[in-house]
Amino acid sequence: MQTILITGGAGFIGSHLTRLFVTKYPSYQVINLDALTYAGNLENLKDIEHAENYQFVKGDICDAALLKKLFTDHAITGVLHCAAESHVDRSISDPLAFVRTNVIGTVTLLHAAKEAWKGNMEGKLFYHISTDEVYGSLGDEGFFTESTAYDPRSPYSASKASSDHFVRAFHHTYHLPIKISNCSNNYGPFHFPEKLIPLCIHNIINNKPLPIYGKGENVRDWLYVEDHVRAIDTIYHQGKIGETYNIGGHNEWTNIALVKELCKQMDEKLNRTAGSNEQLITYVTDRAGHDLRYAIDATKLKDELGWMPSLQFEEGLSKTIDWYLTNTEWLTNVTSGAYQQYYEGMYEGR
Ligand code: NAD
Ligand code: TYD
C-alpha cells in the first residue's frame, strides 16, 4: 500500500506523471498538490479527476503547515516532486519567484518529509524531478553525464541546481531516502505555449511570426514527455536510493532546424502551400545568457534499468501537432487573458 504525493501535478510533466501513476497503479493512493499558478491547469487531468485513487489539493509547497497536515493525515510513503517555476525567460525577469518555489519550496517539502518519516525511513522515497540545465552549457562536442560538475547559468537553472544540492544534503545529513533525475527538454500534449514548440505550433495556426532567438543555432535534446514519465516510473521503482539518473532522447536539434521541421509538417497538416509556414520565421534579440547546447548521456539509465526512448522525434512531433490541432479549446483557454499580456511584454520590440 503506497500513498504518493505528487507536487505540481497540474503542470505539463506533472499531469502526464499523475495520469501514469493513477492508471497504472490502482492500489496506490495519489494526492496531487498544486498551487495552480499560470502553468497549472486542472483541464490537463480531466480524464482521471474522478478516479477513486486520485485526489487534488490546491496548495503551495512553501506552506509548511499544510505539508505537515498532508503527511500526517494521509500517511504519505512517497513524494514525486515536480512543482517548480520552469520557464527560463520568466526567471530572467523575476528570479526571486524561482528562489521561492524551486529552492524554499523544495526545502520546505524536504523538511516535511524528514519530520514525518523520522525514525521510520524504511520504504519511503523522496523523488526529485530536475533538469539537465543544472550542468550548464556544452560546446559543439561532449555530453552531460551524472558526474558532470554543476555549472548553472540562468536564474532558473541556478534555482534547480540549488534544489538538487538540498535534496542530496538531506540524504547525507538526515538519511532521507532520495532519488534525483535530470532530464533534457520535453515536448508533447499539455505543454504551456510559452515554450518553443507549443508557442510555434500556436503561432503557425494563427499565422503569427515565429520568434527565433539569436541565429537559431542553439541546440536542445528533445524527449517526448511520455518517455520521460516512463523513465521516472522505472527509476522510482527500480533505481537505487541516493542515486542520480540522467534522462535524454539522444535527439539533438538546432532551434532553427526544429522550427523548419515543424513548419514543414504543419504545411501538410493545414493544407498550406509547401514552404509557406517558413515565411513566418522571424529572428529576434537573443535571450540573455542563452546556453548554447544541452545533450544528455543516458547510458547509466539504459545499462542499469533498461530504459530507452520509444519515439522517433518526427513521429513524436507529428503526434504533438495533431494533439494541438484537435484540442483547440485547451489552447484557446490557456492563451487568453494573462497569457496575452505576458506575450506582448515578452516579444514586443524584440
Ligand atoms: P510546468 O511549469 O508546466 O508546471 C509546474 C507546476 O507546478 C504547475 O502546475 C504549477 O501550478 C505548479 N507550481 C508552481 N509553483 C508551485 C508552488 N509554489 N506550490 C505548488 N505548486 C506549484 O513545469 P513542467 O515543465 O511540467 O516541469 C515540471 C518539473 O520538471 C520541473 O521541476 C522542471 O524543472 C522539470 N523539468 C522540466 C523539463 C521541461 O522540458 N519542461 C525538462 C526537465 C525537467
Ligand atoms: P524553451 O522551450 O524556453 O526551453 P529551454 O530554454 O528550457 O531550453 O526554449 C528552447 C530553445 O528555444 C531555447 O534555446 C530558446 C529558444 N527559443 C526561441 O528561439 N524562441 C522562443 O520564442 C522561445 C520561447 C525559445
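Of note:
- Checking each residue in the range 207-233 for being within 30 Å of K179 (Cα to Cα) and away from ligand 2 (no atom under 15 Å from the Cβ) picks out E226, D227, V229, R230, A231, I232, D233.
- In the range 178-200, the residues that are among the aromatic types (F, W, Y) and either out of contact with any Phe, Trp or Tyr (no Cβ under 6 Å at 6 or more places or on another chain) or open to solvent by 10 Å² or more (accessible area, probe 1.4 Å) (or both): F190, F192
- Filtering the range 164-177 for residues that are free of Cβ contacts under 8 Å to residues at least 12 places away in the same chain, open to solvent by 10 Å² or more (accessible area, probe 1.4 Å) and of a type in the set (V, I, T) leaves a non-empty set.
- Y38 being away from ligand 1 (no atom under 15 Å from the Cβ) and either open to solvent by 30 Å² or more (accessible area, probe 1.4 Å) or not small (G, A, S) (or both): no
- The one condition from (1) on the phi < 0 side of the Ramachandran plot; (2) away from ligand 1 (no atom under 16 Å from the Cβ) that N271 does not meet is (1).
- Given (1) crowded, with 24+ Cβ neighbours inside 10 Å; (2) touching a strand residue (DSSP E or B) at 6+ places or on another chain (Cβ under 7 Å), number of the condition Y156 does not satisfy: (2)
- So P198, is it outside any strand (DSSP E or B) and within 15 Å of ligand 2 (Cβ to nearest atom): yes
- Failed criterion for A158 (all others in (1) part of a helix (DSSP H, G or I); (2) more than 20 Å from the chain's Cα centre (by Cα) hold): (2)
- Of the set (1) within 19 Å of the chain's Cα centre (by Cα); (2) open to solvent by 20 Å² or more (accessible area, probe 1.4 Å), all apply to A149 but (1).
- Filtered by the rule that a residue be more than 13 Å from ligand 2 (Cβ to nearest atom) and over 21 Å from V99 (Cα atoms), the range 125-148 gives L125, G139, D140, E141, G142, F143, F144, T145, E146, S147, T148.
- Matching helices (runs of 4 or more DSSP H) fully within the range 7-123 where at least 1 residues are over 26 Å from H175 (Cβ atoms) and within 16 Å of ligand 2 (Cβ to nearest atom): 12-24, 88-93, 95-98
- For the range 124-155, the candidate set comprises residues that are of a type outside the set (D, E) and assigned to a helix (DSSP H, G or I); within that set, the residue that is farthest from H237 (Cα to Cα) is P155.
- All of F126, F56 fail the test of being open to solvent by less than 60 Å² (accessible area, probe 1.4 Å) and hydrophobic (A, V, I, L, M, F, W, C), apart from F126.
- Some residue of the range 234-256 being more than 13 Å from ligand 2 (Cβ to nearest atom) and without any contact (Cβ under 8 Å) to a residue 60 or more places away in the chain: yes
- For first residues located in the range 301-318 and touching a residue at least 40 places away in the same chain (Cβ under 8 Å) and closer than 11 Å to A231 by Cβ, partners that are among the charged types (D, E, K, R) and open to solvent by less than 50 Å² (accessible area, probe 1.4 Å) and lie 6+ apart or on another chain with Cβ distances below 7 Å form the pairs P309/D227; S310/D227.
- Taking first residues from the range 330-350 that are in contact (Cβ under 8 Å) with a residue 60 or more places away in the chain and partners that are among the β-branched types (V, I, T), the Cβ contacts under 6 Å between residues at least 6 apart in sequence or on separate chains come to R350/V284; R350/T285.
The values are calculated or read from the model by the stated rules, or taken from the named source; none is laboratory data. Note that this is a predicted model, so its numbers are computed, not measured. When we count neighbours, we look across all protein chains shown, and the Cβ atoms used for this are built from the backbone with ideal geometry, even at glycine. Surface areas here come from the heavy atoms of the whole protein model, side chains and all, with no ligands, DNA or RNA. Shrake-Rupley method; radii C 1.70, N 1.55, O 1.52, S 1.80 Å.
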